[in-house]
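Peer 1: This structure is in structure tokens; I'll ask about it shortly.
Where a number appears in this text, it was derived from the coordinates with a stated rule and is not lab data. Not measured: the values here are computed from a predicted model. Glycine gets a Cβ as well: all are built from the backbone with ideal geometry, and neighbour counts include every protein chain shown.
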Amino acid sequence: MLSAGFALAGGCARHGDGAGADGRPLQVLRIGNGAEPQDLDPEAITGVPELNIILSLFDSLVGADPHDLHPIPGLAESWDISNDRLVYTFHLRSNLHWSDGNPITAGEFVKSYQRTLTPAFASEVSYKLWCVVGAEDYNHGMLTDFSKVGFKALDDRTLQVTLRQRIPFLLKILATDDVWDPLPVKVLARYGPLDRKDTGWTKAGRLVGSGAFMLKEWTPDQKIVVVRNPYYWDAARVKLDAIEFYPVVDASTEERMFRTGQLDITSQLPSTKIDVYKREHPEELRLEPYLGVYFYRCNVTRPPLNDARIRRALALAVDRERLVGDVVKGGEQPAYAVSYPNDGGYTPRARLTGGVAEARRLLAEAGFPGGKGMPPIELLYNTFKEHQDIGEAIQAMWLENLGVRVTLRNEDWKVYLDSQHTHNFQLERAGWIADYMDPHVFLEIWVTANGNNDTLWSDPEYDRLLRSSLDADTEEARYEIYQKLDSILVEECPVIPIYYYTSFYTVNPRVQGWWPTLLNIHPYKFVHLDRT
Amino acid sequence: MFRFIGYRLLQAIPVMLIIITGTFFMQRFVPGGPFTAEKAVTPEVLRNLNAYYHLDDPLWKQYRDYLWDLCPKAFHPGALTQGLDLKQAFGIDFRPSFKYPNRTVNEIIADKLPVSLELGFYSLLIALAVGLPLGVLAAVRRNTWIDYLCSSLAMTGICVPTFVLGPILVLLLAIHAGWFNASGWYSPIDRILPSLTLGSVYAAYIARLSRGGLLEIMSQDFIRTARAKGATETRVIFKHALRGGLLPVVSFLGPAIAGILTGSFVIETIFQIPGLGREFVNSAFNRDYTLVLGTVILYAALIVGMNLVVDVVQVWLNPKLKFE
């Protein structure tokens, strides 16, 4: 019955979604989804378009509330946390089945994690499991006995995870991170060795998952269709019959598809169109906070940016209000600190204050009154119109406010990343999008020797405080430590925060249950289409 | 003629080898690699990745192994009817893609080349059906309003870029008139707008070239002789002039067909078409080494092949040339 109904839905590329066997109109949601997904293996991908689809195909241990993404029971109906907060015991639901009808067992979770951590499999996301005892050593090949790693299936319905250090926000990670999703290892083995990425198990007709939907069609660069999974534990809640994901890279093309009714939801909107939609179709426009920060990264080993006073002077002399009002124009919020406001109940109190006067004073104190004698600073950005516009605006602000001259250098994305990772830059535009909803995500980057701390800035006090935050007794105590970290960052300015991201896109008003969330994640089982 | 073709095919071997070698090594010397990402991978993970893709072998060994995989090791042209997989048909293995770990470059080409071929075929038809008559008409009615109209149309076609024409067509015919999808490659009707957009540019070039070629021929002695002998104007144009007048168009069509068939980055992006043109460009940005090589080799082979066809056709069209 299902397949007959969906064959019909698949054939209607344009308007109208067909009807089910019972005559009820089919609920088919059509989403513009950015780039073509690299793969649909949760352990072999890193991008947002992939995660959007995987969210429909695989369920996680812990689910996310559709309003604010706080952790709610998922595949696990409950969990216990040991007194030392190192051992998490998850109790799986009794009615869990893969989309082929076979039961989901705790042992499959363990096997999935083993696959992710197997060195030969070479997962780019394996580091996300390193918080578990022995996981990092196993991933590096220093430990070969997986039974010594902290994943245990106590029985078919009980999974125990032992951490090597406390992670107070582990449940928040589990709620939104797909690396923790179990895989149907028996199905995978049918198509080749578990430690290969090229076995083709994720193709349509083969992929078996645990999510509210299952893969029906994958036509590369055209569309991916997922349909309701009858074996899903919470199938009664699912109202959509199918979701069609359209890989559309170009924002203008996507907007045109939205206007002809080919799409219900776009992944982005050309920023030049925001004003038009505000005026003509405000009911379709979404401008929502997005948990990311746009900033300039200083290489603190290169003069003159090795002097914190100069970095801070530069940070103070940026007119962020004007920048977000006149240059970026997507409803972004100016950023006067590194951490995102209202993230899991945390808002940084630290703030870049003092303005241009303080900036001039600091610059003079550093030996360059009015910018005199200061060599030009080179700003690196990846080739993209928006980054160039922002760079030119800030270049003008620094010249006007401080007399500091800046030259711009743009590079193709991969060359730019290479320059970043080899520290071949003075000042570089950058952005950081959070994986999970906790302020820790923005603060952990700046500890010494973090692989992503390309500023080369190092502060033992910062490192100590961040480590101690993991052992804080309460969330309030932990957030108090983060306040200290944020004030250190604002003082030292290894990075110059510019603005907090927003996501701007369009949604057809008939889509219901698509609430704004900071990570732009929308669990599909709560979404439906309004027919009236 | 067969000796000529055989000789040219032999010449193609070193040409292809130079292209493959150049591409193989050049892309390795560009900064950044397939695994360079915004969130840095740790050195240990990078080591695992390099081992998985054999990037930890010495470069000469990688080159040797790649060349060996490229060598045809089978001959089952019948398999091509099942799909364009060159591995099945000739044992040519372009290896897995770096960007799409689950797919091989052979599969990507087999999926996308037919789409580009189809789009290219329609566009060429449009280009020839529109461009040739315009060019001939302009040449025959030289310096009349017909010539000015045809020439202006052609000039406009050359000047208006596809990324302007495409969205305008969509705006008028898809969004306002509602006759078409704004983009996609789902049903036969979706072929129309992209083919029109891509075809119009080539039509404009063909009109300009055929007008120029025809005018040059029309001023030659043998045309005057034909007219003196009392041939009708129609016969002069179609029997005597057109054959020589088309030579510049034929020379242009060789590389143009190779380009049009391997897909257009701009058209495929505007209309969201699953063709090879986007892979060709994006693979370079992604440092997808195997996909870059696969598409470059395919493109080079098409250009070499089309140039050969052009040379043969030119000898056939131009009595002054011989196979030598």
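Peer 1: Give me the percent of DSSP beta bridges within the protein assembly as shown that run antiparallel, rounded to the nearest 5.
Peer 2: Among the beta bridges of the protein assembly as shown, antiparallel pairing accounts for roughly 80 percent.
Peer 1: What number, in percent, do you get for the relative contact order of chain B if the mean sequence gap of Cα pairs under 8 Å and at least 6 apart is divided by its residue count?
Peer 2: Relative contact order for chain B comes out at 23 percent.
Peer 1: At a Cα cut-off below 22 Å, give the lysines reachable from A:LYS414, other chains included and same-chain residues fewer than 8 away excluded.
Peer 2: A:LYS414 reaches A:LYS385, B:LYS39, B:LYS99.
Peer 1: Then there is this: For segment A:387-532, just say rounded, prolate or oblate: build the C-alpha gyration tensor, square-root its eigenvalues into a ≥ b ≥ c, call rounded for a/c under 1.5, and beyond that prolate if a/b exceeds b/c, oblate if not.
Peer 2: Because a/c hits 1.5 or more and a/b fails to exceed b/c, segment A:387-532 counts as oblate.
Peer 1: Can you give the calculated 222 nm mean residue ellipticity of chain A, where each DSSP H run of n ≥ 4 adds -39,500 (n - 2.57) and the sum is split over every residue, rounded to the nearest 500 deg cm²/dmol?
Peer 2: Roughly -8000 deg cm²/dmol at 222 nm, from the helical runs in chain A.
Peer 1: To continue, here is another question. According to the square roots a ≥ b ≥ c of the eigenvalues of the Cα gyration tensor, what is the shape class of segment B:15-169, taking rounded for a/c under 1.5, prolate for a/b larger than b/c otherwise, and oblate for the remainder?
Peer 2: It comes out prolate by the Cα gyration axes.
Peer 1: Now for a different question. If you project the alpha carbons of chain B onto the principal axes, what extent comes out on each, in Å, largest first?
Peer 2: Reported extents, whole Å, longest axis first: 83, 57, 38.
Peer 1: Quick one: P(r) of segment A:121-172 from all Cα-Cα pairs, 5 Å bins, percents rounded to integers, in order of increasing distance.
Peer 2: 5, 19, 26, 25, 18, 8, 0
Peer 1: Using C-alpha positions alone, give me the convex hull volume of segment B:245-320 per residue in cubic angstrom.
Peer 2: Residue-normalised Cα hull volume stands at 91 Å³.
Peer 1: Additional query: Which of A:TRP446, A:TRP413 has the fewest other C-beta atoms within 10 Å, and how do the rest follow up to the most?
Peer 2: The order, fewest Cβ neighbours first, is A:TRP413, A:TRP446.
Peer 1: To continue, here is another question. Taking a cut-off of 16 Å between Cα atoms, list the aspartates and glutamates near B:LYS320, but don't count ones fewer than 8 places away on the same chain.
Peer 2: Candidates past the 8-residue exclusion: B:GLU216, B:ASP221, B:ASP311.
Peer 1: With the Cα gyration tensor of segment A:343-461 giving a ≥ b ≥ c as the square roots of its eigenvalues, does the rule (a/c under 1.5 for rounded; else a/b larger than b/c for prolate; else oblate) give rounded, prolate or oblate?
Peer 2: Oblate, because a/c is 1.5 or more while a/b does not exceed b/c.
Peer 1: What spacing in nm lies between the two simple spin-label points modelled at A:ARG405 and A:SER458, each 7 Å away from Cα in the Cβ direction?
Peer 2: 3.4
Peer 1: Calculate how steeply helix A:2-11 sits against the longest principal axis of the alpha-carbon atoms of chain A, using the helix alpha-carbon long axis, and give the answer as 0 to 90 degrees to the nearest 10.
Peer 2: For A:2-11 against chain A, the angle is about 50 degrees.
Peer 1: Let me ask another. Take each of the peptides B:127-139, A:414-426, average the number of other beta-carbon atoms within 10 Å over its residues, and list them starting from the highest.
Peer 2: So the peptides B:127-139, A:414-426, ranked by packing, come out B:127-139, A:414-426.
Peer 1: Counting only Cα, what are the radius of gyration and maximum Cα-Cα distance Dmax of the protein assembly as shown, in Å?
Peer 2: Spelled out, the Cα radius of gyration and Dmax of the protein assembly as shown are 30.6, 110 Å.
Peer 1: Going 7 Å from the Cα of A:ASN95 in the Cα-to-Cβ direction, what parts of segment A:207-226 have a backbone nitrogen less than 16 Å from that spot?
Peer 2: The answer is A:211-213.
Peer 1: Also, I was wondering about something else. Give me a single rounded figure for B:91-104: the average over its residues of other chain Cβ atoms within 10 Å of their Cβ.
Peer 2: Counting Cβ atoms of other protein chains within 10 Å of each residue's Cβ and averaging gives 4.
Peer 1: What trypsin sites (Lys or Arg not before Pro) in segment A:125-161 are in a loop by DSSP, with at most 13 other Cβ atoms within 10 Å of the Cβ?
Peer 2: none
Peer 1: For A:ARG30, which sequence-distant residues (separation of 5 or more, or a different chain) have an amide H within less than 5 Å of its own amide H, given hydrogens modelled in the peptide plane?
Peer 2: A:GLU244, A:ASP264, A:ILE265
Peer 1: Here is the link list: A:LYS223/B:LYS61; A:LYS197/A:LYS223; A:LYS128/B:LYS112; A:LYS186/A:LYS216. Which ones come out longer than 28 Å on Cα distance?
Peer 2: With Cα atoms farther than 28 Å apart: A:LYS223/B:LYS61; A:LYS128/B:LYS112.
Peer 1: So what's the gap between the Cα centers of segment A:323-381 and segment A:465-479, to the nearest angstrom?
Peer 2: 28
Peer 1: While we're here: In segment B:15-31, which residues have a backbone nitrogen under 12 Å from the label point lying 7 Å from A:ASN424's Cα in the Cα-to-Cβ direction?
Peer 2: Within reach of a label on A:ASN424: B:29-31.
Peer 1: If the cut-off is a Cα-Cα distance under 17 Å, which lysines reach B:LYS229, setting aside same-chain residues fewer than 8 apart in sequence?
Peer 2: Partners found: B:LYS239.
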